[in-house]
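The values are calculated or read from the model by the stated rules, or taken from the named source; none is laboratory data. Source: prediction; values computed, not measured. Cβ atoms come from the backbone with ideal geometry, glycine included; neighbour counts cover every protein chain shown.
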Amino acid sequence: GRTRLDGAEQPIARSALSRRLHPSAPFPLLLHLSPPSPNTPHLTSLLAPPISSLLVLGSSAMAAPVVDAEYLRQVDRARRALRALIASKGCAPIMLRLAWHDAGTYDVNTRTGGANGSIRYEEEYTHGSNAGLKIAIDLLEPIKAKHPKVTYADLYQLAGVVAVEVTGGPTVEFIPGRRDSSVCPREGRLPDAKKGNYCYYCFYLSMFSCYLKQLIKM
């Protein structure tokens, strides 16, 4: 992979980068970020295939799951169940929105929030920006019940990945291991969707700077 900083491309050791992609990592990664202008520094493609979503790896108050052979089998079965559900219900948009809203609360300064499944709690899914997401949460409960080892955090992000695939997007490699949390972030963590430039710079400046700090430590 390569990064582009101020127009200069620098190679990144893929093996070193891969060590930073495990879900237990405490920092977020923003992949395939497209700048609003050609003069804006940006992070170029780091992984293949490309995805049109934000992968945020957040903190949690619960123990990390043991990703053993049985866990991976349940993830695979859950993935197939999600394909059937999303195709039959036509619910790809709300599943992708659920994945994003659970992940998008990550705070780089406090390292709280993020993809930790906390959106399943009433305290969070009743936030104004999460209106309607209880529908997606309820649709996923039967799949969770049949695959109890899979954390809510993994299930919600997997639902987003499958939503991309079902609607004609690429097949995305899914890396499991996200922790669940019962700690809900305060309302207002998600960027204002009505402010396009604000959203871009919110992600670019905070999350890319966090990525660079971790890259320097490699």
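Here Arg111 fulfils each of the conditions (1) within 25 Å of Val67 (Cα to Cα); (2) touching a Pro at 6+ places or on another chain (Cβ under 8 Å); (3) surrounded by 20 or more Cβ atoms within 10 Å (Cβ to Cβ); (4) at pLDDT below 95 apart from (3). Restricting attention to segment 64-111 and to residues that are free of Cβ contacts under 8 Å to residues at least 12 places away in the same chain and of a type in the set (Ser, Thr, Tyr), the residue that is nearest to Ser129 (Cα to Cα) turns out to be Thr110. Scanning segment 155-172 for residues that are surrounded by 24 or more Cβ atoms within 10 Å (Cβ to Cβ) and either touching a His at 6+ places or on another chain (Cβ under 7 Å) or among the polar types (S, T, N, Q) (or both) returns a single hit, Gln157.
Please enumerate the residues belonging to segment 83-117 that are assigned to a loop (DSSP other than H, G, I, E, B), in contact with a Gly (Cβ under 9 Å, 6 or more places away or on another chain) and among the polar types (S, T, N, Q).
Thr105, Asn116
Inspect all residues belonging to segment 68-88 and state whether any of them is among the β-branched types (Val, Ile, Thr), surrounded by 13 or more Cβ atoms within 10 Å (Cβ to Cβ) and modelled with pLDDT under 50.
As a first pass, look at segment 68-88 and keep what is among the β-branched types (Val, Ile, Thr): 75, 86.
Then keep just the ones that are surrounded by 13 or more Cβ atoms within 10 Å (Cβ to Cβ); that gives 75, 86.
Subsequent filtering for residues that are modelled with pLDDT under 50 retains none.
No, segment 68-88 contains no residue that is among the β-branched types (Val, Ile, Thr), surrounded by 13 or more Cβ atoms within 10 Å (Cβ to Cβ) and modelled with pLDDT under 50.
May I ask you to verify whether Ala136 is small (Gly, Ala, Ser), surrounded by fewer than 19 Cβ atoms within 10 Å (Cβ to Cβ), part of a helix (DSSP H, G or I) and free of Cβ contacts under 8 Å to residues at least 60 places away in the same chain? When the stated conditions are applied, Ala136 does not pass them. Quick check: is even one residue across segment 121-129 at pLDDT 90 or above and either assigned to a loop (DSSP other than H, G, I, E, B) or among the hydrophobic types (A, V, I, L, M, F, W, C) (or both)? Yes, the conditions are met somewhere in segment 121-129.
Residues of segment 144-160 being in a helix (DSSP H, G or I) and more than 19 Å from the chain's Cα centre (by Cα), which ones? Show your work before the answer.
Looking only at segment 144-160, we keep the residues that are in a helix (DSSP H, G or I), and these are 144-146, 152-160.
Ala145, Lys146 - these are the residues of segment 144-160 that are in a helix (DSSP H, G or I) and more than 19 Å from the chain's Cα centre (by Cα).
Residues that are modelled with pLDDT of 65 or more and either exposed (fewer than 13 other Cβ atoms within 10 Å of the Cβ) or closer than 25 Å to Glu123 by Cβ (or both) occur at least once in segment 192-213.
What do you reckon, is Val172 touching a residue at least 60 places away in the same chain (Cβ under 8 Å), under 14 Å from Ala92 (Cβ atoms) and not in a loop (DSSP other than H, G, I, E, B)? Lay out the reasoning, then the answer.
Details: touching a residue at least 60 places away in the same chain (Cβ under 8 Å): yes; under 14 Å from Ala92 (Cβ atoms): yes; not in a loop (DSSP other than H, G, I, E, B): no.
No; evaluated as a whole, the condition is false for this residue.
Test of understanding: among Ser52, Ser34, Ser24, which residue is more than 13 Å from the chain's Cα centre (by Cα), at pLDDT below 75 and assigned to a loop (DSSP other than H, G, I, E, B)? On inspection, the qualifying residue turns out to be Ser34.
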